[in-house]
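One structure is given here, and the rest of the page talks about it.
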Amino acid sequence: MTTEAQAKESNAPVVDPNLLPIADGKSVRTYSLGLVKDNRSALIKVVVMHAFAAIAGLAGPVIIGRLVDAVTAQSATTTYVNLSVAILVAAIACQSLITRFARRLSMVFGENVFAQLRENFLDTAVGLPLSVVERSGTGDLVSRTTHDINRVQHTVRFGVPQILVSAATVIITLIASFLTSPLVALAVVAGLPLLYFVGRWYLPRAPKAYIEESAAYAQIYADVTESVEGSRTIESLSLTAARRELVENGIDRAMAAERRTLNLRTVLIPGMDLSFAIAPILVLLWGAFMVSQGHASVGAVTTVLLYTTMLVGPIWDLVFWLDESQVAATSMARIIGVGQVETDRVARDVEPEHETISGSGIEYAYREGHNVLHGIDIELTPGERLAVVGPSGAGKSTLGRMLAGIHPPTGGSVTVGNVPLIDLPLEDLRGHVALVTQEHHVFVGTLAQNLLLASPDATEADLRRALGAVGALEWADKLPEGVHTEVGSGGHTLTPAQAQQIALARLVLLDPHTLILDEATSLLDPRAARDLEKSLNAVLSGRTVVAIAHRLHTAHDADRVAVVTAGQISEIGPHDELVANGGDYADLWHSWQQK
């Protein structure tokens, strides 16, 4: 039986194995209980306050019931009525005051829990192995950090307090009903069997439906994100119609998933509605019979009936949040699932003996059985400049990631000072070797804060020195507030070239002994790139530099050139020697000279 068939047989959602994991119900419950445990003192205060508010709300039906009995017995005096009304008003005022503080405590509790959840998720997300993120695609992770977080946020902030309010009100009201008249109160719970069967039908089906709905939205996020990021390529290749069709198909899948969850609600809500509707009717009929038999007073029936009507609102809230909690539980499972990604390295307490980085028999496969690199042996001489060149798709960037310790090799090893890179803690690893790619990101905040990510203790003089090293100081000084100007989304817009200079300035501040530059100047025009590389020379002096580039003037200036072809190093040596050999590099160089 296939995995998909097994999933259908077990009523479990069919999940793409390339996507990030989704936690099971037990993991969600364990994690949620952990959050509650961490905030148990606040939770106890919330429950106690809502219990007092619910108790204060019970006074009204009791007072009205006794007033009805007094009127029935013709013993109600004006003084008694006035006193009853005064007590009723006082009870309502007391309930309102307690409810106000109880709701405030509930909201603070919800905010604290959500803040803890969000911080835990962020810590986990930024520590994910890049190979896993690349395999699953950015859309899955983006949907979890936005769509799923928002769903959980709504439930934690509003649902958890409301569930506490409603649950406390229902329990205390039921207890008060049985204390008032046990026989009459039996009719209050007459609708419970219907609630049980509707819930038993709904709960097993809801998780699968909501997980598939979330997966559909994740795919939409992926398709839209890729379309926006590759908009220029899409337009140049006339792929607009195809991408639009892809997004529309994703929307159709999401709508189909929404219909399935809607169908579940069309059974849940009417079933719950019927059970609520029959309770007051049964209380009235059964209460009348009890009165006729002398087992209850009219006032007791009135009190229980009022309690029954008071239950409708809280139970409706519980039903609503029952459905919302299924949505939140699904999102929570996706959020917690991020933390279940297996690490691709285990750090050891070891110190490299020297700064030499070497690779032996390096192999790497993004998919099992499809190697991108095939047994590469390479050793970087400390302080040398190595240029890595070759045709597109040959494996240059993958080799750079191996040398930077971004991905552990699937075969062979990469070491620094005889210590495998994957055995070093990430903080120590980045002190030895760092990678800058053609991809870049400007974070929301000031320009200085963007730079301080690489070196939190750097002074403003250090920041200016780093900007000057990459030729960015001139335009940085022209910003409205200099390095303290807000940049990123909503702030001053930087050009792609300026953003790439910021990435290089971070590298200067990080100050590792080995640098991997993967097309790090690709967004600059050739003349600007050449000037930047010249200005970087002084900064990079004494460091080992691996430059992956298509512009062969980088190779011309390097101490050695490594030619990568089909996942292997076909040639390696000084520029002049390789040109004289008349091999692959010579062909690339002559082709470059003719441009």
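Suppose we filter the range 84-101 for residues that are at pLDDT below 85 and more than 14 Å from LEU58 (Cβ to Cβ); how many remain?
2
Check PRO314 against each of (1) closer than 21 Å to PRO61 by Cα; (2) surrounded by fewer than 20 Cβ atoms within 10 Å (Cβ to Cβ) and name the one condition it does not meet.
For PRO314, the failing item is (2).
Inside the range 180-198, can you point out the residues that are buried (at least 19 other Cβ atoms within 10 Å of the Cβ), farther than 22 Å from ALA59 by Cβ and more than 43 Å from the chain's Cα centre (by Cα)?
ALA187
If the Cβ limit is 7 Å and pairs must be 6+ apart or interchain, which residue in the range 206-222 that is in the same structural domain as ALA256 (by TED's automatic domain parsing) pairs with which residue that is modelled with pLDDT of 80 or more and outside any helix (DSSP H, G or I)?
These pairs meet every condition: ILE211/ILE22.
When you check VAL419 against the structure, is it in contact (Cβ under 8 Å) with a residue 24 or more places away in the chain and closer than 29 Å to ASP576 by Cβ, yes or no?
When the stated conditions are applied, VAL419 does not pass them.
I'd like to know if the range 275-295 contains one or more residues that are crowded, with 17+ Cβ neighbours inside 10 Å and either within 20 Å of LEU203 (Cβ to Cβ) or in contact with a Cys (Cβ under 6 Å, 6 or more places away or on another chain) (or both).
Checking the range 275-295: at least one residue is crowded, with 17+ Cβ neighbours inside 10 Å and either within 20 Å of LEU203 (Cβ to Cβ) or in contact with a Cys (Cβ under 6 Å, 6 or more places away or on another chain) (or both).
Which one of these does ARG100 not meet: (1) surrounded by fewer than 13 Cβ atoms within 10 Å (Cβ to Cβ); (2) farther than 17 Å from ALA168 by Cα?
(2)
Could you list, in sequence order, the residues of the range 166-206 that are touching a Ser or Thr at 6+ places or on another chain (Cβ under 7 Å) and hydrophobic (A, V, I, L, M, F, W, C)?
Taking the range 166-206 as the starting set, the residues that turn out to be touching a Ser or Thr at 6+ places or on another chain (Cβ under 7 Å) are 180, 185, 188, 191, 194-195.
Hits for the range 166-206 are ALA185, VAL188, LEU194, LEU195.
Tell me whether the range 69-76 contains one or more residues that are of a type in the set (S, T, N, Q), under 28 Å from VAL291 (Cα atoms), assigned to a helix (DSSP H, G or I) and touching a residue at least 12 places away in the same chain (Cβ under 8 Å). Quick ask: steps written out before the conclusion?
In the first step, residues of the range 69-76 are kept if they are of a type in the set (S, T, N, Q); the result is 72, 74-75.
So of that shortlist, the ones also under 28 Å from VAL291 (Cα atoms) come out as 72, 74-75.
Checking which are assigned to a helix (DSSP H, G or I) leaves us with 72.
Still in the running and touching a residue at least 12 places away in the same chain (Cβ under 8 Å): 72.
Looking through the range 69-76, at least one residue is of a type in the set (S, T, N, Q), under 28 Å from VAL291 (Cα atoms), assigned to a helix (DSSP H, G or I) and touching a residue at least 12 places away in the same chain (Cβ under 8 Å).
In the range 432-464, which residue that is of a type in the set (D, E, K, R) and modelled with pLDDT of 90 or more is surrounded by the most Cβ atoms within 10 Å (Cβ to Cβ)? So that I can check it myself, show each step before the final result.
In the first step, residues of the range 432-464 are kept if they are of a type in the set (D, E, K, R); the result is 439, 457, 460, 462, 464.
Then drop every residue that is not modelled with pLDDT of 90 or more, which leaves 460, 462, 464.
Numbers: GLU460: 13, ASP462: 16, ARG464: 19.
Step by step, filter the range 432-464, then rank; the result is ARG464.
For the range 271-312, what are the residues that are of a type outside the set (A, V, I, L, M) and in contact (Cβ under 8 Å) with a residue 60 or more places away in the chain?
Step one: list which residues in the range 271-312 are of a type outside the set (A, V, I, L, M), which gives 271, 273, 275-276, 280, 286-287, 289, 292-295, 297, 299, 302-303, 307-309.
Passing the criteria: GLY271, SER275, PHE276, TRP286, GLY287, HIS295, SER297, GLY299, THR302, THR303, TYR307, THR308.
List pairs: first in the range 462-485 and free of Cβ contacts under 8 Å to residues at least 40 places away in the same chain and part of a loop (DSSP other than H, G, I, E, B), second among the hydroxyl-bearing types (Ser, Thr, Tyr) and surrounded by fewer than 20 Cβ atoms within 10 Å (Cβ to Cβ), Cβ under 9 Å, 6+ apart or cross-chain?
Taking only residues 6 or more apart or on different chains, the pairs are LEU479/THR485.
So which of VAL247, VAL312, VAL267 ends up being among the aliphatic types (A, V, I, L, M) and either in contact with a strand residue (DSSP E or B) (Cβ under 6 Å, 6 or more places away or on another chain) or farther than 24 Å from THR330 by Cβ (or both)? Please lay out each step first, then the result.
Working: VAL247 fails: either in contact with a strand residue (DSSP E or B) (Cβ under 6 Å, 6 or more places away or on another chain) or farther than 24 Å from THR330 by Cβ (or both); VAL267 fails: either in contact with a strand residue (DSSP E or B) (Cβ under 6 Å, 6 or more places away or on another chain) or farther than 24 Å from THR330 by Cβ (or both).
From the options VAL247, VAL312, VAL267, the qualifying one is VAL312.
Can you tell which of VAL267, VAL283, VAL247, VAL291 is in contact with a Phe, Trp or Tyr (Cβ under 7 Å, 6 or more places away or on another chain) and either part of a helix (DSSP H, G or I) or within 30 Å of THR225 (Cβ to Cβ) (or both)? Let's see the steps before the verdict.
Numbers: VAL283 fails: in contact with a Phe, Trp or Tyr (Cβ under 7 Å, 6 or more places away or on another chain); VAL247 fails: in contact with a Phe, Trp or Tyr (Cβ under 7 Å, 6 or more places away or on another chain); VAL291 fails: in contact with a Phe, Trp or Tyr (Cβ under 7 Å, 6 or more places away or on another chain).
Result: VAL267 is the single residue among VAL267, VAL283, VAL247, VAL291 that is in contact with a Phe, Trp or Tyr (Cβ under 7 Å, 6 or more places away or on another chain) and either part of a helix (DSSP H, G or I) or within 30 Å of THR225 (Cβ to Cβ) (or both).
For the range 25-66, give me each residue that is under 21 Å from GLU111 (Cα atoms) and outside any helix (DSSP H, G or I).
ASN39
Looking only at residues that are small (Gly, Ala, Ser) and more than 19 Å from ALA558 (Cβ to Cβ) in the range 378-409, which one is modelled with the highest pLDDT? Break it down into steps so the answer makes sense when it comes.
Here is the first cut: in the range 378-409, the ones small (Gly, Ala, Ser) are 383, 387, 390, 392-395, 397, 400, 404-405.
Checking which are more than 19 Å from ALA558 (Cβ to Cβ) leaves us with 392-393, 405.
Values: SER392: 80, GLY393: 82, GLY405: 85.
Among residues in the range 378-409 that are small (Gly, Ala, Ser) and more than 19 Å from ALA558 (Cβ to Cβ), the one modelled with the highest pLDDT is GLY405.
State the number of residues belonging to the range 421-454 that are under 24 Å from THR356 (Cα atoms) and hydroxyl-bearing (Ser, Thr, Tyr). Spell out how you get there, then give the answer.
Kept after step one, since they are under 24 Å from THR356 (Cα atoms), are these residues of the range 421-454: 421-437, 454.
Adding the requirement that they be hydroxyl-bearing (Ser, Thr, Tyr) leaves 437.
Qualifying residue count, the range 421-454: 1.
Among the listed residues THR79, THR124, identify the single one that is without any contact (Cβ under 8 Å) to a residue 60 or more places away in the chain, of a type outside the set (Asp, Glu) and outside the structural domain of PRO409 (by TED's automatic domain parsing). Break it down stepwise before answering.
Values: THR124 fails: without any contact (Cβ under 8 Å) to a residue 60 or more places away in the chain.
It is THR79.
Assuming THR565 fulfils every condition listed in (1) modelled with pLDDT of 85 or more; (2) in contact with a Ser or Thr (Cβ under 9 Å, 6 or more places away or on another chain) apart from one, which condition is it?
Here THR565 clears every test but (2).
Among the residues of the range 331-352, is any among the hydroxyl-bearing types (Ser, Thr, Tyr), buried (at least 17 other Cβ atoms within 10 Å of the Cβ), out of contact with any strand residue (DSSP E or B) (no Cβ under 6 Å at 6 or more places or on another chain) and in contact (Cβ under 8 Å) with a residue 60 or more places away in the chain?
Yes - at least one qualifying residue is present in the range 331-352.
So which residues in the range 21-44 are polar (S, T, N, Q) and surrounded by 10 or more Cβ atoms within 10 Å (Cβ to Cβ)?
Result: SER27, THR30, SER32, ASN39.
Filter the range 203-229 for residues that are over 15 Å from ASP24 (Cα atoms) and charged (D, E, K, R) and give the result.
If the condition is that a residue be over 15 Å from ASP24 (Cα atoms) and charged (D, E, K, R), then GLU213, ASP223, GLU226, GLU229 are the ones that fit.
Taking the options GLU324, GLU384, name whichever one is outside the structural domain of GLU119 (by TED's automatic domain parsing) and charged (D, E, K, R).
Numbers: GLU324 fails: outside the structural domain of GLU119 (by TED's automatic domain parsing).
None of the others qualify; the one that does is GLU384.
The values are calculated or read from the model by the stated rules, or taken from the named source; none is laboratory data. Here the structure is a predicted model, which is why all the values come from computation and not from measurement. Virtual Cβ from ideal backbone geometry, glycine too; neighbours counted across all protein chains shown.
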